[in-house]
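The values are calculated or read from the model by the stated rules, or taken from the named source; none is laboratory data. As the structure is a prediction and not an experimental result, all values here were calculated from the model. Here the Cβ is made from the backbone with ideal geometry for all residues, glycine too, and neighbour counts use every protein chain on show.
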């Protein structure tokens, strides 16, 4: 990923998408906002216990950096599902209920929040469509990455082979320690997940990066960029539920068609 330091902020762009003229995107860090510990400082999560005024201002900072006003942005109430909803300019300024992915063929900005779960951006430069997905372990178990590809095909006529996919900063296999109950729960929904859970020094570690990359490849996506940035290892830059002991903020990921 490409780091960008500007206006007191640090955020990242994927090399794959930075080379595309038709899309704008950013994955922000926790740096450059107004929130106080344990939400310091660019927390954009409104349901974690932070001061609402600070969250509002942090979102304004993020949107302004991307040249956006709040009524040009659509988000959703994330519930760890595999639902991906189509949206358009008419949804600007709205919060879509109970979904974990947004997609559009219009220039509205899609905005989601993360703290260890996997951000996935899908961009179809042929049909001019984009999606942003939040893949926690439950969403991964339910195959939300592949659902996003399928929904773009249904809604916009996207061919999976044309889609460019990017997997962003999230907890890596180095830090995602899990128990036997996790292995049983995720493999009950998706048996292939067992291939991405390994025992290291007597402890199980799960690889959400590879799980989601595999789902994208299985869905027919030909190009997948993986950031390989672990939010728990780098909780100086990113909010991390694991790395911060369970009480922390959320960092922003946004994408829009130009």
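From the list 213, 200, 159, which one is in contact with a helix residue (DSSP H, G or I) (Cβ under 9 Å, 6 or more places away or on another chain) and either at pLDDT below 95 or crowded, with 17+ Cβ neighbours inside 10 Å (or both)? Walk me through how you get there before you give the answer.
Details: 200 fails: in contact with a helix residue (DSSP H, G or I) (Cβ under 9 Å, 6 or more places away or on another chain); 159 fails: either at pLDDT below 95 or crowded, with 17+ Cβ neighbours inside 10 Å (or both).
Exactly one of 213, 200, 159 is in contact with a helix residue (DSSP H, G or I) (Cβ under 9 Å, 6 or more places away or on another chain) and either at pLDDT below 95 or crowded, with 17+ Cβ neighbours inside 10 Å (or both), namely 213.
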- Task: Could you list all residues from segment 38-75 that are farther than 22 Å from residue 7 by Cβ and part of a loop (DSSP other than H, G, I, E, B)?
- Result: 38, 46, 47, 48, 49
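Scan 219, 193 and give me the residue that is crowded, with 18+ Cβ neighbours inside 10 Å and farther than 29 Å from residue 109 by Cβ.
On the way: 219 fails: farther than 29 Å from residue 109 by Cβ.
Testing whether each residue is crowded, with 18+ Cβ neighbours inside 10 Å and farther than 29 Å from residue 109 by Cβ leaves just 193.
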- Task: Report the residue count in segment 216-246 for those that are without any contact (Cβ under 8 Å) to a residue 24 or more places away in the chain and in contact with a helix residue (DSSP H, G or I) (Cβ under 9 Å, 6 or more places away or on another chain).
- Result: 0
